[in-house]
Every structure is written in structure tokens, then in C-alpha cells.
1. List the number of the failed condition for ALA496; all other conditions in (1) farther than 22 Å from GLU426 by Cβ; (2) touching a Ser or Thr at 6+ places or on another chain (Cβ under 7 Å); (3) of a type outside the set (Lys, Arg) hold.
2. Provide a single number: the residues in the range 55-85 that are crowded, with 19+ Cβ neighbours inside 10 Å and either among the aromatic types (Phe, Trp, Tyr) or at positive phi (or both).
3. Only one of (1) of a type in the set (Ser, Thr, Tyr); (2) under 22 Å from MET277 (Cβ atoms); (3) in contact with a Pro (Cβ under 8 Å, 6 or more places away or on another chain) fails for TYR453. Which number is that?
4. If LEU355 passes every condition in (1) within 30 Å of SER542 (Cα to Cα); (2) modelled with pLDDT under 85; (3) surrounded by fewer than 16 Cβ atoms within 10 Å (Cβ to Cβ) but one, which one does it miss?
5. Got a sec? Which helices (runs of 4 or more DSSP H) wholly within the range 201-318 have at least 1 residues that are under 30 Å from LYS367 (Cα atoms) and at pLDDT 75 or above?
6. Return yes when GLU368 is surrounded by fewer than 18 Cβ atoms within 10 Å (Cβ to Cβ), among the acidic types (Asp, Glu) and within 30 Å of LEU161 (Cα to Cα) and no when it is not.
7. Quick check: anything in the range 521-531 touching a Lys or Arg at 6+ places or on another chain (Cβ under 7 Å), in a helix (DSSP H, G or I), at pLDDT 85 or above and crowded, with 21+ Cβ neighbours inside 10 Å?
Amino acid sequence: MASLLRILKREFDPLTITQLSSSLIFFCLFLIAPIISILSSAFIRYSEFSLYWFSELLGDPEYLSLTPRGGYFFELHGDVMYIWGYDYGIILNSLIVAIVVALACSVIGIIAALIITRYTFPFKNFFKVAILVPMLATPFVNAYVLGRLFSPRAGVINLLLHDILHILPWRVDINGLVGIALAQILSYYPIVYLNIMASMTNIDPSMEEQAENLGARGFRLFRTVTFPLSLPGLAAGATVVFIFSMEDLGAPIGFIGYSANPLAKKVISYQIFSSFMEAVAGGISSETAALAVILLMISLAGFMLVKRYVSLKFYAMLSRGGRWKPRVRKLSIKGLAIVYLFLAFLITLASMPQLGVVVLAFSDWAKENYPTSFTLEYASRLVTDPNVVRAISNSIIYSVAAVIIAVLIGSSAAYVVARSRIPGVEALDLLATMPIAVPGIVIAVGYFLFFSYNFKNTLLDPLVEPMILLILAYSVRRMPFLARSVFAGLQQIHIALEEASLNLGAGKGYTFSRIVVPLLAANLLGGSLLTFVYSMSEVSTSVTLGALREDRGPITFYISQVIYGTAAVGTVSVAASLCVLLMTIQIVSMALSNYILRQRVAFLGV
């Protein structure tokens, strides 16, 4: 007890108290309390603990059915092959789609990372860049474009493969759950690829060399050495993809906006989104809260199970410190042909949504079956249409404010975790990184329930002023980018520099502001850029909280409204122009971030 008191007395200086208390208050108020509100609404009925809403959901075939209740899967009707998927209920549909997306992204990510990290071939640098094109933000419009490309009567894919080349004997209609899964796979596989590539790059070459000396070659070497050592990256990437798929609203709304496909509505994220359309009149029901709890539990369970599985493995390598040059080998003519075919097919297919968005923004494709002329009409509305200008300015204001909050709270939390020896400080690290495992739509439901009840008719009431909550939601959702960046920077700054300042009489606050912050400038700027760009393209909280007051809606809310309820022909091209703006901001920000940090990092490691 005495030793604990000595530790607390030594560690709790004014700076640490300020940083620790502000971080804990922020996370408790804007992350934990909203989640507790969801749990309370879902589990409390008539002032008593109850599982009534969960039994209602799980007992309703509309939400959970072990036998399909409709849909098409490789079914031929006339000259059209329908590939929509089967309806197993809203909950099971979401799980199936998320698992399929995570598995498909894992397979693609492993193959792509193995090619890029273990082989050398002409134009490799081009492919390394092109393979990341799907990460460019095109919310809602990418799924809309895929719907148009695979339209059975007016789609470019069917025109090319069925009408011109006669490769397909039937026209193909990819829509519904299969369409959602395809859109998500094409968008999310780079997340797994980047994490696996980071793991493979960090593998000690001597491990593979020793295996080869013992007779392991080819696939056996990959199966017994390379793949097991890459599992941490695979687990991190696949888990993030699984969570992103469960919470994704862009693909369902995109396909609904194009074809009104009923099966695209049968996912959890869309059902929760629909409840916000009714929130203005009567609030969010306990049934919706229970659905949000199910989504939260599935996401957290997947995250914790994969983390535990990886932590049980032993991945120690002989070499420590410094970087080594990964082992690469040249490809044979046959191998080169296979690699080029795979990469060309992958990049062509995965880049179609982004290319389609650009074509849609600068052509008459919205009015015609196929683009026939170039136009700047829709792009010009980014600066002439007052509704579009307002959406852009809202996004910029919200994102900048979110970055400021993330810098203050994220850097404080990271510094306390990295430098203090306070018992239980690991909980703060968990709070700073946990938002990556909490679906954004769950946070939106929590914010509505918590703030509309406890702060009714104030500026924190989402029905009065959603702007403040949007800013707070952005900062919470993107906090891991800033916190991880700062923590990585602190690991590279030797504590002796701070101790020298303290020994010369400087206080801890002065040392932090004059020694630590300047040394962290690159990490703070890099993390801030990532936070800004992902806040600008934030979807889940934007389209839910933003729906409560349209004049406060950011870019992604405006895009969702255009795609989801287009009234005038051609307005979807304005949404495409906004996506081009988001892609441009993302490219510039990522280039600056890579230049500032001067290192290649995974999307998010765990």
C-alpha cells in the first residue's frame, strides 16, 4: 500500500492529472455513456431487466431464419441470370455478408501481399499504387455505379461480355446481398492487404532461409513459416473488414438508390438507419436499440476472439532492432504472366467504382445508358449550388473541429499511456483504440438516446442541434488514428531527453510543450491529416445524425440523400462530383502524410 501511494504521488503531477482526467471524462461522456444508454434501452422494460426485445428479434423470421425466405442465387429467368443471394433474415444476412467479405478480402490480401513483398518484376511500383485505388472514398456512389455496370439491360458489363464478346450466355444481374458483398470486397481488400504486407515485410528473412535449408520450398514454405508469421496482420485486417462490413451503409443505400432492390434492405445497418427517419417524430424504439446491441456484440466478439487467438501464438524472431531487406526473387516467364493477369484483373475490377464515379461526374451517363459526352455542369455545382456548398462547408468545419479535439485528447491519452506508470493505465489505451471496434451507427444510436434524454432542448439535444454531436462523433470515431500515430512517435523519443529537461529545473508541462510536442510534430500532423480525411468521408454517423436536421448535413449525408431519393434526373452526377472532391482530398492528404511520416504503415494494427 505504501509503495502504491509513493507511485501515485510521483506520477500525479499537474500535467498528468489534467491529461488523464480530460481523457477519461471525454471517453466516459462521449463513448461509454452512449453505449450504456443503448444497453439500458435494450435490456430495461417496465423498469426491470428484460430480454424481451432480443427474444422478439431472434424469434421473428424477418430477422433470423435458418431457411431462405426469398431471393435469387444463380437463378435463370428468361435471358437474365439473377445473383442476389438468399434472404435468411436481417441479422443472419448481415453476418453472412460480413463473413464472406472478410474471407474474400483475406484471400485477395494474402495473394497480393505475397506477390508484392516476395517477388520483383517490371512495373511493380505501379501495381503497388494501383492496388490501393479502391481505398479512395466514393461512399454510396460506388455501389450505385456497380448497379449500373451490372444492369441486365443497360449495363456496360453485360453489353461487353454478352452482346459484343458473347462470353456470357446470359445477361447477369448482380444485386441485393451479393451486390453489397461485391461492393464491400472491392472497397475493403486493401485494408487486409496493407496489414499483411506490413507483417510480411517485418518477417526476419533468416526464418525463411532456415526453413529452406531444411527442405521447405514453395507452398510448404509459405504454409509453415510465412503465413503463420503473417497472422497478426491478417487478424487485424480481417477483423476491421468484418466490422466495417457489418456497419456499412454505403453499399445497401447505393443499390437501393439504383434499383430499389428489396434484398439490399435486409441488413442490420440499413434497418437502424431507417429508424432515424422516424426519430424526428417519435424517437428510436427499444427494438432498434436491441438491434444496435446485437451489432455491437457481434463486432466486439469478433474483435476480441481474433485478438485472443493471435495472442496465444508465439511469433518471436531471432533478429531484433533495425530493419532488414525482405527476401525477393525474380519470376519466371510463366510466373510473370500469372502475376500480371492476376494484378491486372484485380485492379481493373476493383477500380471500376472509382473510374465509374469519375465518368459519372464528368459525363451525361446519368441521363443515358452509356456516357456519350463530356460536361462540367455537375462539377460546377460544387461552387454554385447553395445546398452543395453548405454540405461541403459543414464537412470542413466538422472535420477541422474533430481534428482539434482528437489532437488534444488523443495526444494526452497517448502520452499518459506511454510515459506514466499509473496502475490500470492500460484501460485508457483501450478506450483510445476501442472506437475502431464500435460500429459508427451504434455510436449514432447511443448519442441519440443519451443526449436527447439527458440534454433535452439544449444544444446537445440531437433534435435541436446535431452539429456538436457530429463533431464529437467524428473525433471519437477517428481517435485511434491520432492516438496510434502519437504513441508510435513517443516510442521513438528517448525518455532521457525529457529527464534532462526535468533535471535542469523545467516543469513537466514546460517539458511537454517545448521538448515533446516539437519532436512529435510530424506524428501529430500525419495523424491529423488521417483524422481529417476520414472524418470528411465518415458515413454512418453523418447519414443518421445528419438526417435529424438537413441544413446541418455534411457531404456524405447530401450524397446519401441524392442516391437514396433522387427526384431529378442527373442529380446523381452531383453526388459523383462530391466523391471526386473527397478522392482528391484523400489523395493529397495521404501523399502529405506519407511524406511527413516517411514510412509505410498498415491501415491499423492491433
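1. (2)
2. So the count comes out to 6.
3. Evaluating TYR453 over (1) of a type in the set (Ser, Thr, Tyr); (2) under 22 Å from MET277 (Cβ atoms); (3) in contact with a Pro (Cβ under 8 Å, 6 or more places away or on another chain) leaves (3) as the failure.
4. It fails just one condition, (2).
5. On the way: elements: 205-213, 218-221, 227-247, 250-259, 268-282, 286-311.
Per the criteria, 250-259, 268-282.
6. Numbers: surrounded by fewer than 18 Cβ atoms within 10 Å (Cβ to Cβ): yes; among the acidic types (Asp, Glu): yes; within 30 Å of LEU161 (Cα to Cα): yes.
Yes: the conditions hold for GLU368.
7. The initial filter retains those residues of the range 521-531 that are touching a Lys or Arg at 6+ places or on another chain (Cβ under 7 Å), namely 531.
This time we only want the ones that are in a helix (DSSP H, G or I), so: 531.
Going one step further and asking which of them are at pLDDT 85 or above, we end up with 531.
Adding the requirement that they be crowded, with 21+ Cβ neighbours inside 10 Å leaves 531.
Within the range 521-531, one or more residues are touching a Lys or Arg at 6+ places or on another chain (Cβ under 7 Å), in a helix (DSSP H, G or I), at pLDDT 85 or above and crowded, with 21+ Cβ neighbours inside 10 Å.
For (1) polar (S, T, N, Q); (2) surrounded by 24 or more Cβ atoms within 10 Å (Cβ to Cβ), each residue gets a yes or a no:
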residue	(1), (2)
SER452	yes, no
THR458	yes, no
VAL464	no, no
VAL486	no, yes
ALA500	no, no
ASN503	yes, no
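The values are calculated or read from the model by the stated rules, or taken from the named source; none is laboratory data. What you see is a predicted model, and the numbers here were worked out from it, not measured in a lab. For neighbour counting, all protein chains shown are included, and Cβ atoms are generated from backbone atoms with ideal geometry for every residue, glycine included.
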